[in-house]
Every structure is written in structure tokens, then in C-alpha cells.
Amino acid sequence: MNILDRYLTREFTRNLLLITGSFISLFLIIDFFEKIRMFLSNQATFMQMALHFLFRVPMVLSQSLPAAVLLASLMTYGILSRHSEIVAMKANGISLYRLSLPVMIIAALVSGFLFLLSEWVTPYTNERSEYIRLVEVQKRPSLGSFKQDQLWYRGEKGIYNFNLFDPVGNRLQGIVIHYLDREMNLLMRLDAERGEWRNGRWHFQNVLIARFPEGPFPVVEKLAHHVADIPEKPDDFKVVQKDVELMGYFELDRYIKKLRSEGYDATRYETDLQGKIAFPLVGVIMAVIGIAFSLRSERSGGIAQGIGAGLLIGFSYWLIYAFGLSLGRSGTFSPLVAAWFANALFTALSLWLFLRIKT
């Protein structure tokens, strides 16, 4: 079996690299033509463009590898079936379950690689790619940062600090605003429990305002509702807010624990946290589906048929996975159920197909 294991490993790895490279190339070509006008209008250098697209590669790789595993397994075993190599292996008493072992091991390694990629590489490269596009090319000022699980923003009126910004509902929580003069002297501090963007203004709730006039003591005022006098809109804070795609699993987990400790609702982030575990494991599931689907009939294998089936199955998984995440973020499903629903469904499908293989 060592010879067959090496043979299957070589064929599958070759197909996997070819398909993955095709996915990355296709994405970069489309992304290039979508952004070339923006780069040229801002007189971007060749190095800036090259680095921007280079830093996009890990993200594309992490999203396309599960589909590449599915297509590679379909193509590998489909070609073996078409050339009657599967029949020859069965005639020599080799189980089809045993023949699938090398690909299953590679798929498991790919799943582990996906998790490490999303934890250590993708957050950094995504952040660098956006920084090049927004700051270096479009010359937008870097007015804020996401540090120590908090949002800091340098606005026209002073320095803002938020514990949480919800870009969907345009809501702020844990608000602290330091109003400063031109000499950076503190004029006023505003603390608010939460805020919401309504009718073109920021409406803050449970507000404590401390003014610092000339004299030894500040003037403190407590308000149940206050319309804040700040010119920034939600779009200004969206530039600074760190997306979950820019956070690894452990960083997001720390952020969620911080939100919980302060009494905030972290359901949306809990769903994304579960998704960071569920999605890398889909590579193994896709490998099982690909093997089982291509071996359901030894003489019906075909490259075109395998590619068509792979695209259909991959698109179906993405649709169900995204739908589950949306239900979890809205609170309809629990984060655990929402993130793992697609995996559970396709695991059941893969086992059903796999057990029906005629060994």
C-alpha cells in the first residue's frame, strides 16, 4: 500500500495545487480589474499595487481551500474511476475505504493549516492590504485604531473612546469623549452608556458630562438623554472598527469576554467565533463528499461531471453556512447551532454517501 498511498497522495496534491492556484489567479484578475481605475486615479506605484494584491492572497487561500479540496478529490478519484484503476485496486482486494485514507489525512492537515492561517496570517495581511488601499493609495488620514479591544478615534472635537461599535445598527456602547482645545487642554469629558445614530445625529443615553472651566472644581451634569455635538457619522467609525476577519480566534475570544464582563450583548461576535472553528473543518467534510460522490459508480467518473458537482456542492455549503451565520448574528439561533448547522448537515450527507460506496 505504500506505493498506492504515494501515488494517490501525488495525484491529489497535484490537483489540489492546480485548482487552488486557479482560484487565486481568477480572484486576483477580477480584483485587479475592479480596482485598477482607483489605483490609477490615485497615482499608485507599482509596488503599492503589488503589495496590496500580495497581501490579499492569504484571505483568498483560506476561503478557496475547502472548495479546492472538494474539486481535487472529485477529479482524482473520478479520473481513477474513468481509467478503471479503481476496478483494478478492488480486484486486488483493496478496500475503497482504505484508498480514501491518504486524501483524508491530507484534508485533515489542510483543516489544521486553515485554522493556523486564519489565526496568525490572514488578520495581519488583511489589515495591511486595507491600510495600503485606504491610507497609502487613497491618502485617507488614519484617525483611529483598535487597541486593547477598544476603539480609539481622533475626531474634530477631541479624542473618542468606545467599547463597542455596531456597524449594522449604527450603535455605540461604552462611550467616552474627551473634548480638547487647540493646545490639547481638556475642556469637557462626556461619558455615556450607549448611543444611536438617528435622524442625522448621535443620541446618547445615561450621560455624565464633566466640564472643566477655570477654577479648582469641574462642573458635573447627569442626563438621561443627550444629543451629542460631534460631526462624525457612522461611516467615519466603520473605517476604524476592526472587523472579525481581521481578528484571530483568540483575539476575538478575548474581545467577547471583555464585552460580556461589561454587560454587553456579544451574540454577533460569538457566532463568528464559532465560525472560525467550524469553517476550517469543512475541508475534511468536502473530501469525504468528493470521494464518495466520485466513487458511487466506478465507470461513471468524469472531469466535467466532477467539476460541475463540486461547484454545486460548494455553492450549496456557502449558501447554507452564510445563512446560518446570519441567523446566529441576529439571535434567531444560538451561536453554536448557527455556525455548525452547515457542517452538521454536510457531515450527515458525506457519511450517507460514504457508507453507500460499494467496497
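The values are calculated or read from the model by the stated rules, or taken from the named source; none is laboratory data. Computed from a prediction, not measured in an experiment: that's the story for all the values here. So basically every Cβ, Gly included, is an ideal-geometry build from the backbone, and we count neighbours across all protein chains shown. Heavy atoms of the whole protein, side chains included, go into the accessibility calculation; ligands, DNA and RNA do not. Shrake-Rupley method; radii C 1.70, N 1.55, O 1.52, S 1.80 Å.
Key figures for this structure:
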| read-out | value |
| --- | --- |
| First in segment 158-171 and touching a residue at least 60 places away in the same chain (Cβ under 8 Å), second anywhere and open to solvent by less than 20 Å² (accessible area, probe 1.4 Å) and of a type in the set (Ser, Thr, Tyr), Cβ under 6 Å, 6 or more apart | Tyr160/Tyr153 |
| Some residue of segment 312-320 being at pLDDT 90 or above and under 21 Å from Asp265 (Cα atoms) | no |
| Enumeration of residues in segment 33-49 that are under 14 Å from Ile132 (Cβ atoms), open to solvent by less than 90 Å² (accessible area, probe 1.4 Å) and not polar (S, T, N, Q) | Lys35, Met38, Phe39, Ala44, Met49 |
| Residue within segment 4-14 that is within 27 Å of Phe315 (Cβ to Cβ), buried (at least 18 other Cβ atoms within 10 Å of the Cβ) and within 31 Å of the chain's Cα centre (by Cα) present | yes |
| Search result, residues across segment 217-239 that are open to solvent by less than 90 Å² (accessible area, probe 1.4 Å) and outside any loop (DSSP other than H, G, I, E, B) | Val219, Glu221, Leu223, Ala224, His225, His226, Val227, Pro234, Asp236, Phe237, Lys238 |
| Residue within segment 332-343 that is under 21 Å from Thr76 (Cβ atoms), modelled with pLDDT of 90 or more, part of a helix (DSSP H, G or I) and open to solvent by less than 30 Å² (accessible area, probe 1.4 Å) present | no |
| All positions within segment 175-189 that are in contact (Cβ under 8 Å) with a residue 24 or more places away in the chain and farther than 14 Å from Phe212 by Cα | Ile175 |
| Pick from segment 62-97, criterion assigned to a helix (DSSP H, G or I) and without any contact (Cβ under 8 Å) to a residue 12 or more places away in the chain, ranking: surrounded by the fewest Cβ atoms within 10 Å (Cβ to Cβ) | Ala91 |
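Here is a yes/no grid of residues against (1) open to solvent by less than 30 Å² (accessible area, probe 1.4 Å); (2) modelled with pLDDT of 90 or more:
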residue: Met104; (1), (2): no, yes
residue: Phe113; (1), (2): no, yes
residue: Thr125; (1), (2): yes, yes
residue: Val135; (1), (2): no, no
residue: Arg140; (1), (2): no, no
residue: Gly144; (1), (2): yes, no
residue: Gly155; (1), (2): yes, no
residue: Phe165; (1), (2): yes, no
